Amino acid sequence: MSKRHVSAVVNGDPVEFLCTPEQTLLDVLRDDLDLTGSKECCSSGDCGACSVILDGRLVCSCLVLSAEAEGKRIETIEGMAKGEELHPLQRRFLEHAALQCGICTPGILIAAKALLEREPDPSETEVRFWLAGNLCRCTGYDKIVRAVLDTAAEMRRS
Amino acid sequence: MNDIPLAGTAPKAELKWVGTRGPRPDGLDKVTGRARYGADFRLPGMLVGRVLRSPHAHARIRGIDISKAAALPGVKAIVTRDDFRDMPSEFVPAGEMMVNYRDIVRNVMAREKALYEGHPVAAVAATSASIAREALSLIKVDYEVLPHVIDAAEAMRADAPLLDETMITAGVDPAPTKPSNVAKRMEFSTGDLKAGFAQADFVIERSFATKPVHQGYLEPHACLASVNEAGQAELWCTTQGHFVVRTHCAKLLDMEMSQIRVIATEIGGGFGGKTVVYLEPLALALSSKSKRPVKMVMTREEVFLSTGPTSGAHMKVKIGVRKDGKITAAEAELIYEAGAFQGSPVGPGCMCAFAPYEIENARVIGYDVISNRPKVAAYRAPGAPISEYAVECVIDELAQKLGLDPVEFRLKNGAKAGTRALYGPKFGPIGLVATLEAAKNHPHYSAPLGPNQGRGVASGFWFNIGGESCASLHINEDGSVTLMIGTPDIGGSRASMALMAAETLGIDVAHVRTLIADTDSIGYTFLTGGSRATFATGMATVDAAKAAIRQLCARAAKIWEISEDAVVWEDGHAKPAGQNAATFPPMSLAELAGKAGKTGGPISGHAEINAQGAGPSFGTHIVDVEVDKETGRVDIKRYTVIQDAGKAVHPGYVEGQFQGGAAQGVGWALNEEYVYGADGKLQNAGFLDYRMPVTSDLPMIDTVIVEIPNPAHPFGVRGVGETPIVPPMAAIANAISRAIGTRLCELPMSPPKVLKAMQAHKANGG
């Protein structure tokens, strides 16, 4: 099977990789680019643990073929903190104990970031429906929703 | 599960760290994507392992031909039943469940028969995933397809297909002469049932059914095994108990335990489901054959098809009460599905069924039944949510019948210190009454309800367990502390351990780092399960810290040239005491650590314990639902969890356990179930069709932490992880019944069933 050459930008850095036609973006992120922060938990777009932002759009990277990344900008959990400084969402998740096992956390943080970039002042209902594509089995979502709402308030103030 | 001593030392009133909500040691890595879970490890030369699974629910395996697959370039090893030695039938305790190696070896790799769709038949290690997949398609399995049986009630019929021709029901006297699918009958009883029911003014008897539900951990099972030519193995895996993995793998593969080092990776949820082995022995066997590292990761479909859900059940519950609200007698019959091999949690189901109540005359009979489903695994308070669901529904109906408030009715009959539980022991200090009082006084309980809404209440009980734990605490030269424990951290326990160590040592928690040590780096530690980690490993942590403190005091005594007995430890400092008091300025932990080399060498504290005195935890939940009259859809409007934690070491993570348990209970109550076709195949092996609650399905979940200290634990800890999943199903069922005026006695209460119940009720003039 011949491989295809792809150039993309991941977390601001130019990357190049060779991929087979059936490889997903998630496969390439995890196996070829060593970015294992995006998690594979269902491979069917039902759990959101592999959420990344592709050219500004929130996607499940398990549903994107890696060849489709050609020329695109991809943001993953590994690029969310800026140097030493955590993104306010990351900080608030820690403060609120909004994670238990933590496997869904990268996907939820990416999804929440996409929400706040689009809607800086979401209602609780908006947060709940926006994050409905991200499964969490541990927390019951309470602390997650609170952390997102608190972050939104903090980011509006600053 | 032993008697809890009534007397005990009250925990210190003034705590500096225990009870605070600081950051967790592993938190940063988990919000930045750095934390490494089961599937995140790799090694040079690594092969990909894949499993061939039975497409049939029940089939004799006449032969397996691997020749074509073995000849495929890139295939480095294949294992089948021929690679595993048969094991004798032998039950050994494994946490809250019992395991039998005859069955484990067959569950890991089918032998005579495939007993469920998804049962492993062969495994392949190849240089790439695509070659491994192709190899699986080249393995020819000669199946003789047999009739199957899925439901336990059908499996109990005399004409049901037999899964195991040698199974004679245990616990029946005289023993049956013919084999059946009933593995075991058990009975727990007290008092005089007949006399008890004769005293009753009202008796209600109902039948209930529940479906198997999966633990639903998001992280699929994953491991990476590396075995060298000398047979020395390293195994990275996502597990609730790496020592238990070592025990099982050593047994199944005939290896000495010292040859297997198991490293617990970060674990992406378990809830009891990661207390057994599936891939691990296969990966070790493949690596042993190929002499290359082998990585295996399940797909979500494989997780649903072949790893343990909890039991589905059929139950009958009968309770009698006097007009004054006193329960006079109670009886239950519980039939639990074990899956393909015996060992459902019907035992704890029987023991827990009536545990929240003081009942003089009671009997519970349980049956453990096998059928062509994946073998059940532990799931949060295994067995209890099922039987207590049925009992709590009847309790609610009795309260309605008597015209009593359901909380008051429970208070009238509730278990308290001194109550003897049906399964034997007398309770020590317990919190059921406290949770009921808190429920009664909670604003939620008196808030007005809207149209089509109902409020339900239910209580729940779980034993909690103790067991073997080790802790090693090293005082580093700079005064920082490294704490090593052996219970994988599934929801913040490293933070709790750090808090307890800091509290005991009297130092800032920021200086304590907790690590999960591998099986070669610390003594045997039983798994994270039974709500035992914070209790048992917490106890070991405190003991290790105290051992270090004794060392620190001895070093101070040496420096001051006074007797060791004349030194006390206070607020992180050694201080001269008695007649030497104030003779020397106190020395801090950091000062003593810095001088350790000159006063006798490194300072550490170790503890190896078998923790006794686990404190049972009771909870009471309040839930408001709204039922859509047109569709039967149930919306959770408000939810409050009240539970006795003994002591909340990190209240944030205790609340998280309460909320998470309630959310899982909502799924169990309303949507989750295994759906089988007539062909015995699972029809909803994915998150789209096996619908777990998502964010938009739930409201905020309010919590109240009640603290009735467990006298056996230095800080009063009981363990909190399991009880929260016990009350939700009944609380929601009770709320629905009050919203629609009729009762559903079957889970899940999915929209079509609720709609049907409403229509039937209407047709009957309701």
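The values are calculated or read from the model by the stated rules, or taken from the named source; none is laboratory data. These numbers were taken from a predicted model, which means no experiment stands behind them. Neighbour counts run over all protein chains shown; Cβ positions are idealised from the backbone, glycine included.
A compact table of results
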| quantity | calculated |
| --- | --- |
| Selection count, the stretch A:1-33, where residues are assigned to a helix (DSSP H, G or I) and in contact with a helix residue (DSSP H, G or I) (Cβ under 7 Å, 6 or more places away or on another chain) | 5 |
| Sole residue being under 16 Å from B:T695 (Cβ atoms), more than 8 Å from chain B (Cβ to nearest Cβ), in a helix (DSSP H, G or I) and touching a residue at least 12 places away in the same chain (Cβ under 8 Å), chosen from A:A98, A:A114 | A:A114 |
| Output for the stretch B:617-640, where each listed residue is of a type in the set (D, E) and within 17 Å of A:G140 (Cα to Cα) | B:D624, B:D635 |
| Filter result (in contact with a Ser or Thr (Cβ under 8 Å, 6 or more places away or on another chain) and either aromatic (F, W, Y) or buried (at least 20 other Cβ atoms within 10 Å of the Cβ) (or both)) within the stretch B:408-429 | B:R410, B:G414, B:L422, B:F427 |
| Answer from A:I77, A:I103 - the residue that is β-branched (V, I, T), facing another protein chain (nearest Cβ under 7 Å), crowded, with 19+ Cβ neighbours inside 10 Å and farther than 19 Å from A:T151 by Cα | A:I103 |
| Test: residue in the stretch B:601-622 that is aliphatic (A, V, I, L, M) and either surrounded by fewer than 17 Cβ atoms within 10 Å (Cβ to Cβ) or more than 27 Å from B:I485 (Cβ to Cβ) (or both) | yes |
| Spans of strands (runs of 3 or more DSSP E) in the stretch B:147-257 with at least 2 residues hydroxyl-bearing (S, T, Y) | B:182-190, B:202-210 |
| Test: residue in the stretch B:501-515 that is within 23 Å of the chain's Cα centre (by Cα) and modelled with pLDDT of 95 or more | yes |
| Which numbered condition B:Q199 fails, given (1) among the polar types (S, T, N, Q); (2) without any contact (Cβ under 8 Å) to a residue 60 or more places away in the chain; (3) in contact with a strand residue (DSSP E or B) (Cβ under 9 Å, 6 or more places away or on another chain) | (2) |
| Filter result for B:A390 (outside the structural domain of B:L670 (by TED's automatic domain parsing), in contact with a strand residue (DSSP E or B) (Cβ under 7 Å, 6 or more places away or on another chain) and of a type in the set (G, A, S)) | no |
| Criterion violated by B:M539 - all others in (1) in a loop (DSSP other than H, G, I, E, B); (2) within 22 Å of the chain's Cα centre (by Cα); (3) over 19 Å from A:Q100 (Cβ atoms) satisfied | (1) |
| Qualifying residue in the stretch B:653-662 (condition: within 14 Å of chain A (Cβ to nearest Cβ), under 32 Å from the mean Cα position of the chain (by Cα), under 30 Å from B:G486 (Cα atoms) and acidic (D, E)) | yes |
| Single residue of the stretch A:117-131 satisfying the filter (under 22 Å from A:K39 (Cα atoms) and either under 14 Å from the mean Cα position of the chain (by Cα) or at pLDDT below 95 (or both)) that is farthest from the other protein chains (Cβ to nearest Cβ) | A:W130 |
| For A:E70: the one exception among (1) touching a residue at least 60 places away in the same chain (Cβ under 8 Å); (2) surrounded by fewer than 24 Cβ atoms within 10 Å (Cβ to Cβ); (3) touching a helix residue (DSSP H, G or I) at 6+ places or on another chain (Cβ under 9 Å); (4) not aromatic (F, W, Y) | (3) |
| Residues that are in contact with a Cys (Cβ under 8 Å, 6 or more places away or on another chain) and either basic (K, R) or surrounded by fewer than 24 Cβ atoms within 10 Å (Cβ to Cβ) (or both), drawn from the stretch B:266-296 | B:E266, B:K295 |
| Residue list for the stretch B:418-475, restricted to those being polar (S, T, N, Q) and within 30 Å of B:R550 (Cα to Cα) | B:S469, B:S472 |
| Residue list for the stretch B:200-215, filter: within 13 Å of chain A (Cβ to nearest Cβ) and crowded, with 24+ Cβ neighbours inside 10 Å | B:V213, B:H214 |
| Leading residue by the ranking (surrounded by the fewest Cβ atoms within 10 Å (Cβ to Cβ)) among those in the stretch B:340-367 that are in a strand (DSSP E or B) and of a type in the set (S, T, Y) | B:Y357 |
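Every residue, every condition in (1) at positive phi; (2) more than 8 Å from chain B (Cβ to nearest Cβ); (3) touching a residue at least 12 places away in the same chain (Cβ under 8 Å); (4) in contact with a Ser or Thr (Cβ under 8 Å, 6 or more places away or on another chain), yes or no:
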residue: A:D13; (1), (2), (3), (4): no, yes, no, no
residue: A:L25; (1), (2), (3), (4): no, yes, yes, yes
residue: A:V28; (1), (2), (3), (4): no, yes, yes, yes
residue: A:L35; (1), (2), (3), (4): no, no, yes, yes
residue: A:C42; (1), (2), (3), (4): no, no, yes, no
residue: A:G48; (1), (2), (3), (4): yes, yes, yes, no
residue: A:S51; (1), (2), (3), (4): no, yes, yes, yes
residue: A:C62; (1), (2), (3), (4): no, yes, yes, yes
